[in-house]
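Working notes, beginning with the structure itself.
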Amino acid sequence: MNGQVISRLLWVRGLRALADGYVSLLLPIYLLSLGMTPVQVGAIATATLVGSGALTVLIGLYAWRFNYRSLLLLASLLMLGTGIGFASLTDFWPLLLVAVIGTLNPSNGDVSVFLPLEHAVLSINAKDRERTALFARYSLVGALLAAAGAFLAAAPDLFVANLHVTPKAALQAMFGLYGTIGLISAIIYATLPEERDVAHKAPAPLHKAKRAVYTLAALFSVDALGGGLVVQSMVALWLLQKFHLSMILASTIFFWTGLFSALSYLVAVRIAKRFGLVNTMVFTHLPSSICLILIPLMPNLAWVIALLVIRSALSQMDVPTRSSYVMAIVPPEERAAAAAFTSVPRSLAASAGPVLAGCLLSISSFGWPLIVAGGLKIIYDILLLGMFHAVRPPEEEAQTNSV
């Protein structure tokens, strides 16, 4: 395992997660402060996911021809431009354009173009038995810093109260910080080795694993459509609309949900070693989806918070296991393409969610997006278990043969 490369990737993952953590909460607040409607907020959130999906398509088709370092540097510069754009523009259509071509993430998870590139590099630098634990570390760092970022979302209120700046200026400063983090990420990526790795020896993005990857991509898109309805920006919008929360209280809630998500990654590794990757993905995800359906039915905010915390402790265990599983069942030279092609449908399917959620929330504050999301995710879990329970990664096959 190449410790230096992995350490640098984890540093950048943490920095980006910190930025995503507060931006996903501040995005609806900022857009509403500019006079936009919930539908427009959802449209911009959707545009970010569409743009990420389009960029990831290009990565899947052409990443094998280029050095990963160059692609990661380019993505970092896009992040810098995105921060500058949101910090300086105030009209809907220019912001929509920046959302499409930029790297803004309305979710507390990573759905950006960085993801398939970093996954491929991590897989190249890890052995089969270390892979799930490494992806858990990667997800853990992201979740912890995303939780800290959620807490940081209260900073604009503190700026307004103590520095006597306008709310708009305080929010724009946070987007400026987002761009600065993109620049810092580029500086760290520039220290990665230049050599071309095993993934670049592939004559085409996908060949041997094409059928499995396309099937998984279709299944992941069902899950992602549900996830798009409940990205952190839209859940925050629902809470603000339903319970009229202050940003300080909202950021505290998402800090704790993010913290529980982070801790769940460590548990996921132990469960996966005992029961397998697919079983871990399905049987931790199902109860979290049931929690989603129950949240709008709760009588008060305390019950809502309790279910949000329970869901956060379960819903993300499939993140490192899913990433590890995809990397495990494809040949090493096809991993970059597999990571990209399983990410693209997730981004594109998820992109429909925020604008649909915005429409539903403009009609009613009941919480229909959460109920629909939970139902879609349950369908995904059942299909995944039925179609892939017998497709085992190499380390599970070796364990079975040794028994």
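The values are calculated or read from the model by the stated rules, or taken from the named source; none is laboratory data. The shown structure was predicted, so the numbers you read here are calculated from the model rather than taken from an experiment. FYI the Cβ positions are ideal-geometry reconstructions off the backbone, even for glycines, and counts take in every protein chain you see.
(1) over 16 Å from residue 217 (Cβ atoms); (2) at pLDDT 85 or above; (3) assigned to a helix (DSSP H, G or I); (4) touching a Gly at 6+ places or on another chain (Cβ under 8 Å): which one isn't true of residue 396, the others all being true?
Here residue 396 meets the rest and fails (2).
Checking residue 273 against (1) touching a helix residue (DSSP H, G or I) at 6+ places or on another chain (Cβ under 7 Å); (2) touching a residue at least 12 places away in the same chain (Cβ under 8 Å), which single condition isn't satisfied?
(1)
Can you name the number of the only condition in (1) in contact (Cβ under 8 Å) with a residue 40 or more places away in the chain; (2) surrounded by fewer than 24 Cβ atoms within 10 Å (Cβ to Cβ); (3) out of contact with any Cys (no Cβ under 8 Å at 6 or more places or on another chain); (4) part of a helix (DSSP H, G or I) that residue 36 fails?
(4) is the only condition that residue 36 fails.
Here is a check on your reading of the model: is residue 373 modelled with pLDDT of 85 or more, among the small types (Gly, Ala, Ser) and under 30 Å from residue 39 (Cβ atoms)?
Yes, satisfied.
Need the failing condition index for residue 105 against (1) in contact (Cβ under 8 Å) with a residue 60 or more places away in the chain; (2) part of a helix (DSSP H, G or I); (3) not aliphatic (A, V, I, L, M), just the number.
(2)
Yes or no, residue by residue, for (1) surrounded by fewer than 22 Cβ atoms within 10 Å (Cβ to Cβ); (2) part of a helix (DSSP H, G or I); (3) under 16 Å from the mean Cα position of the chain (by Cα); (4) not hydrophobic (A, V, I, L, M, F, W, C):
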| site | (1), (2), (3), (4) |
| --- | --- |
| 42 | no, yes, no, yes |
| 47 | no, yes, yes, no |
| 50 | yes, yes, yes, no |
| 56 | no, yes, yes, yes |
| 69 | yes, yes, no, yes |
| 72 | no, yes, no, no |
| 77 | yes, yes, no, no |
| 82 | no, yes, no, yes |
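Within the stretch 34-71, track down each residue that is among the aliphatic types (A, V, I, L, M) and either touching a strand residue (DSSP E or B) at 6+ places or on another chain (Cβ under 7 Å) or over 11 Å from residue 116 (Cβ atoms) (or both). Write out each step before concluding.
Pass one, the stretch 34-71, residues among the aliphatic types (A, V, I, L, M): 34, 36, 39, 41, 43-45, 47, 49-50, 54-55, 57-59, 61, 63, 71.
Residues satisfying the conditions are 34, 36, 39, 41, 43, 44, 45, 47, 49, 50, 54, 61.
Please enumerate the residues belonging to the stretch 107-119 that are of a type in the set (A, V, I, L, M) and at pLDDT below 75.
Answer for the stretch 107-119, where residues must be of a type in the set (A, V, I, L, M) and at pLDDT below 75: just 111.
Cβ-Cβ under 6 Å, sequence separation 6+ or interchain: first residue in the stretch 11-25 and touching a residue at least 60 places away in the same chain (Cβ under 8 Å) and under 14 Å from residue 175 (Cβ atoms), partner not in a helix (DSSP H, G or I) and not small (Gly, Ala, Ser). Which pairs?
Listed pairs, sorted by first residue: 20/105; 24/106; 24/108.
Being under 17 Å from residue 227 (Cβ atoms) and polar (S, T, N, Q) is the filter here; which residues of the stretch 305-335 pass it?
Matches in the stretch 305-335: 312, 315, 316, 321, 323.
Mind checking which residues of the stretch 288-302 are of a type in the set (Gly, Ala, Ser) and within 16 Å of residue 368 (Cβ to Cβ)?
Kept after step one, since they are of a type in the set (Gly, Ala, Ser), are these residues of the stretch 288-302: 288-289, 302.
Of everything in the stretch 288-302, just one residue is of a type in the set (Gly, Ala, Ser) and within 16 Å of residue 368 (Cβ to Cβ), namely 289.
For the condition buried (at least 22 other Cβ atoms within 10 Å of the Cβ) and either aliphatic (A, V, I, L, M) or within 23 Å of residue 115 (Cα to Cα) (or both), what is the one hit in 349, 302, 313?
From the options 349, 302, 313, the qualifying one is 349.
Based on this model, can you work out whether residue 207 counts as out of contact with any helix residue (DSSP H, G or I) (no Cβ under 6 Å at 6 or more places or on another chain) and closer than 15 Å to residue 304 by Cα?
No; evaluated as a whole, the condition is false for this residue.
Of the numbered conditions (1) under 30 Å from residue 68 (Cα atoms); (2) acidic (Asp, Glu); (3) surrounded by fewer than 24 Cβ atoms within 10 Å (Cβ to Cβ), residue 318 fails exactly one; give the number of that condition.
(3)
Only helices (runs of 4 or more DSSP H) wholly contained in the stretch 232-333 count here; list those with 2 or more residues that are over 21 Å from the mean Cα position of the chain (by Cα) and of a type outside the set (Phe, Trp, Tyr).
By residue number, 232-243, 247-275, 277-294, 301-315.
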